[in-house]
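As C-alpha cells, the structure follows; a few thoughts come after it.
The values are calculated or read from the model by the stated rules, or taken from the named source; none is laboratory data. Keep in mind that what you see is a predicted model, and the values were worked out from it rather than measured. Note that each Cβ is placed from the backbone with ideal geometry, even for glycine, and that neighbours are counted across all protein chains shown.
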Amino acid sequence: MISRPTQAPYLTGQMLIAMPQMGDPRFQRTLIFMCAHSAESAMGLVVNKPFGSITFPDLLEQLNIDPTGAPPDAQVHYGGPVENGRGFVLHTTDYVRDGTMVIDDTFALTATVDILRAICEGTGPRQWRLCLGYAGWGAGQLDAEIQANGWLHCDADEMLAFDRDLDTKWERAIAKIGVSLHLLSAEAGHA
C-alpha cells in the first residue's frame, strides 16, 4: 500500500540544519532531510555524511543483489544514529511502489530491498540516496531542540538532498536561508 500524507506537518519535507553550538557530536554540521514530523515523533535522514565502513557493492553482495547495473559511483550514507543496520532510500517520486512513503511532490522514502534491485536494473528512481540508520526524536523532543537554538531549517530541494558534494551541503543550506556563517557563533551570547 502506498501511503501519502494527508497534511504535511511542520517540518516534514524540510531540511534541518545543525547550529554550530550543537552539543551532540553525531550531528555536528549535519543537514537532515525530515521524512516525518508530528506531535508524537520526528524522523529524518542525514544527507551530508558518508557511512564509511561499507561500500555500495559490498552492501549489494550482502543482500544477494546482482550489482551489474548499479551506478559505479553509488555511495552508502550515514542516515543517523538510530538502527544503523536498517537501510532507507530517499528518492524522487518517479519511483513509487508498495511500501513507499510519499513525502511530498518531489520526495519519497522506501525501505525495502526492491528499490535497490530496481536501481541495479535501471528501473529505479531518477535521484536517490541510500542511508543506513536514521535520526529520530520522541514527542516534543525536536521542538525543544529547535527552541533551544539547536537547529535551523530550510526548504528542501533535490540538489541539497541528492548531490554528491557532501562537504559544502551544510554551508549551502545556511546560505539558502540568507544567514551568514560569520554571524553564527558556537558560543551563546549574553545581553
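Within the stretch 50-71, can you find the residues that are within 15 Å of GLY122 (Cα to Cα) and not in a helix (DSSP H, G or I)?
Within the stretch 50-71, ILE65, ASP66, PRO67, THR68, GLY69, ALA70, PRO71 meet the criteria.
Can you say whether VAL82 is surrounded by 14 or more Cβ atoms within 10 Å (Cβ to Cβ) and under 24 Å from GLY13 (Cβ atoms), as far as the supplied structure shows?
The answer is no for VAL82.
Give me a count of the residues in the stretch 100-135 that are in a strand (DSSP E or B) and crowded, with 17+ Cβ neighbours inside 10 Å.
14
Pull up the stretch 25-63, narrow it to residues that are more than 17 Å from PHE88 (Cα to Cα) and loosely packed, with under 12 Cβ neighbours inside 10 Å, then point me to the one that is nearest to the chain's Cα centre (by Cα).
PRO25
Mind counting the residues in the stretch 136-161 that are assigned to a helix (DSSP H, G or I), touching a residue at least 60 places away in the same chain (Cβ under 8 Å) and farther than 21 Å from PRO20 by Cα?
1
Out of curiosity, is GLY69 modelled with pLDDT of 95 or more, surrounded by 12 or more Cβ atoms within 10 Å (Cβ to Cβ) and not aromatic (Phe, Trp, Tyr)?
no
Looking at (1) aromatic (Phe, Trp, Tyr); (2) outside any loop (DSSP other than H, G, I, E, B); (3) out of contact with any Cys (no Cβ under 7 Å at 6 or more places or on another chain), can you tell me which one TYR95 breaks?
(2)
Report whether or not HIS182 is of a type outside the set (Asp, Glu), in a strand (DSSP E or B), at pLDDT below 95 and out of contact with any Phe, Trp or Tyr (no Cβ under 7 Å at 6 or more places or on another chain).
Against the criterion (of a type outside the set (Asp, Glu), in a strand (DSSP E or B), at pLDDT below 95 and out of contact with any Phe, Trp or Tyr (no Cβ under 7 Å at 6 or more places or on another chain)), HIS182 does not qualify.
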